[in-house]
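Here's the structure, in structure tokens; my notes come after.
The values are calculated or read from the model by the stated rules, or taken from the named source; none is laboratory data. Since this is a predicted model, take the numbers as computed values, not measurements. Don't worry about glycine lacking a Cβ; one is built from the backbone with ideal geometry, like all the others, and counts go over all protein chains shown.
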Amino acid sequence: MVGRLEDKIAVVTGAGRGIGREIALLMAAEGAKVVVNDLGGAADGTGAGNIAEEVCAEIRAQGGEAVPNTESVAEVAGGESLLNTALDAFGGMDILINNAGILRDRSIFNMSEADWDAVIAVHLKGHYCCSRPFARYIREHNRTGCRIVNFSSVSGLFGNFGQSNYGAAKAGIAGFSRVLAFELAKYGCTVNTISPGALTRMTIPLRENRGETVDQSELDQGGPQHVAPIVVWLCGEEGAGITSEIFHTASGGVGIMQQPAVIKRFHKSEGVWGLDELDAVVPQLVDARKANVAAAEVATVGGDN
């Protein structure tokens, strides 16, 4: 049986563990040739290791094709090396999965400049560093039908205490993806965003710090294996034409997220708004948003199968 990604060449960043590893394995199982990128460091971005080659060995053992790349995505040279690795090993590139990330959680009262810069560099700048060389390759070679899947987070889309650096980066990635979708549309390249929920080495410690334990049944129901399928689906032929969307997936659920839109608007034909006028208008705007959120929640529960 031919896989959905047969003859496609994919690059997956942060593919040594967790979500990235599951994506790389499933893509290879569906016929893609995979560049497995991972610096091999700790969750905070320090250190390095051989984990990328270990995942490649898993893929090869299952009959797939994969090569490792251990460059940092936080530098343009690292992003360029991903493309070059794909070209050298497989002769092209069709898919980019921007998944690599680190955590350095602190409240704003205690966050150092280094903590801020490191997280922004790997997440937000990392998406730029990897996407720009690929976008140029697509344009220069008129390589149509390519795919980019970026990774945001509820920490950026909804907010989460102690993660202003991570949240800012993840919200920025959602905006970056919308722009990239416009810029690559003429080449038939889709750009979508994933908001994942999964128990991984980055999220399990957050639970443990709250005094909660994670057992095997929770890992089975909420592990990174639940994120990989929607990513692979978007990269197949069935995903053509679906672009600039945010998909949320966690614990067996998959959904699409509402994106910024004006819900309700008042217009003043002459002059500027007076403060007394805004006393009446602003509460109505806030109520409109609350009603919109409530309607979305009802639709989500009603459509949860």
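So here's what we get for this one:
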item	result
So THR46, is it assigned by TED's automatic domain parsing to the domain that holds PHE151 and closer than 26 Å to ARG143 by Cα	no
From ASP117, ASP105, residue being more than 22 Å from VAL34 (Cα to Cα) and either touching a residue at least 60 places away in the same chain (Cβ under 8 Å) or not assigned by TED's automatic domain parsing to the domain that holds PHE247 (or both)	ASP105
Those residues of the stretch 93-121 which are assigned to a strand (DSSP E or B) and not charged (D, E, K, R), in sequence order	ILE95, LEU96, ILE97, ASN98
Hits in the stretch 133-154 - residues which are out of contact with any Leu (no Cβ under 7 Å at 6 or more places or on another chain), of a type outside the set (Asp, Glu) and farther than 20 Å from ILE230 by Cα	ARG136, ARG139, HIS141, ASN142, ARG143, THR144
Which listed residue, of GLU245, GLU237, GLU277, GLU270, is in the same structural domain as ARG147 (by TED's automatic domain parsing), farther than 22 Å from LEU157 by Cα and acidic (Asp, Glu)	GLU237
Residues (of a type outside the set (Ser, Thr, Tyr), surrounded by fewer than 24 Cβ atoms within 10 Å (Cβ to Cβ) and out of contact with any Leu (no Cβ under 7 Å at 6 or more places or on another chain)) located in the stretch 34-46	GLY40, GLY41, ALA42, GLY45
Verdict on ALA228 being surrounded by 14 or more Cβ atoms within 10 Å (Cβ to Cβ), out of contact with any Lys or Arg (no Cβ under 8 Å at 6 or more places or on another chain) and small (Gly, Ala, Ser)	yes
Test: residue in the stretch 71-92 that is part of a strand (DSSP E or B), modelled with pLDDT of 95 or more, under 21 Å from VAL231 (Cβ atoms) and assigned by TED's automatic domain parsing to the domain that holds ARG136	no
Unique residue being crowded, with 22+ Cβ neighbours inside 10 Å, aliphatic (A, V, I, L, M) and touching a residue at least 40 places away in the same chain (Cβ under 8 Å) when the list is ALA66, ALA52, ALA89	ALA66
Flag if ASN192 is in the same structural domain as VAL73 (by TED's automatic domain parsing), in contact with a helix residue (DSSP H, G or I) (Cβ under 7 Å, 6 or more places away or on another chain), free of Cβ contacts under 8 Å to residues at least 60 places away in the same chain and in a strand (DSSP E or B)	yes
Pairs with Cβ under 9 Å, 6+ apart, first in the stretch 141-158 and farther than 24 Å from LYS186 by Cβ and assigned by TED's automatic domain parsing to the domain that holds ARG178, second assigned to a helix (DSSP H, G or I) and of a type in the set (D, E, K, R)	PHE151/LYS170; SER152/LYS170; SER153/LYS170; VAL154/LYS170; SER155/LYS170; GLY156/LYS170; LEU157/LYS170
PRO205 modelled with pLDDT under 95 and assigned to a strand (DSSP E or B)	no
Matching residues, the stretch 1-19, being in contact with a Pro (Cβ under 8 Å, 6 or more places away or on another chain) and either surrounded by fewer than 24 Cβ atoms within 10 Å (Cβ to Cβ) or among the small types (Gly, Ala, Ser) (or both)	GLY18
Selection from the stretch 102-128 of residues that are in contact with a strand residue (DSSP E or B) (Cβ under 6 Å, 6 or more places away or on another chain) and closer than 15 Å to PHE161 by Cα	ASP105
